[in-house]
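Working notes, beginning with the structure itself.
The values are calculated or read from the model by the stated rules, or taken from the named source; none is laboratory data. This one's a predicted model, so the numbers in the text were calculated from it and none came from an experiment. Virtual Cβ from ideal backbone geometry, glycine too; neighbours counted across all protein chains shown. Only protein heavy atoms, including side chains, enter the accessible area calculation; ligands, DNA and RNA are left aside. Shrake-Rupley method; radii C 1.70, N 1.55, O 1.52, S 1.80 Å.
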Amino acid sequence: ANLGTLVRMLVGTGARLSDVLAITWRDVDQKAGDVAIRGQKTETPARIAMLAPAKEAIRRAAEVRHLGGKVLWFYKDRNAMRHEWGKAKKNFPDSLKAMRLH
């Protein structure tokens, strides 16, 4: 379930993995349907429109909020996520096993 939420955020925003993992609830504007990306490559946060997959991810993530304020709090860092991604890829069809998260 957590991995699906992460993939929905990536697909629905087009943001980098590290940027999506850093999103906090203060970055999300559900009414406007966008999210602030506070990436390492820019000083000013970029407001990115959320497509349907990202809106669904936000809905799912909102079911259990974490005190730390991060939307995808269940991943401490990219290494924890990559470990889960590696386990999940074992069940992928051969045509998708080479897929990477950016």
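Quick look at the numbers
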| quantity | calculated |
| --- | --- |
| Debye intensity ratio in log₁₀ form over the Cα atoms of the chain, taken at each q of 0.12, 0.23 Å⁻¹ | -0.38, -1.30 |
| Accessible-area order (highest first, 1.4 angstrom probe) of the listed residues Glu43, Glu63, Glu84 | Glu43, Glu63, Glu84 |
| Prolate/oblate/rounded label for the stretch 7-51 (Cα gyration tensor, a/c 1.5) | oblate |
| Accessible-area ranking of Trp73, Trp85, largest first, probe 1.4 Å | Trp73, Trp85 |
| Total charge dipole magnitude, the stretch 46-86, about the Cα centre, Cβ charges on Lys, Arg, Asp, Glu only, Debye to nearest 20 | 140 |
| Accessible surface of Arg60 - all protein chains present, 1.4 Å probe, nearest 10 Å² | 80 |
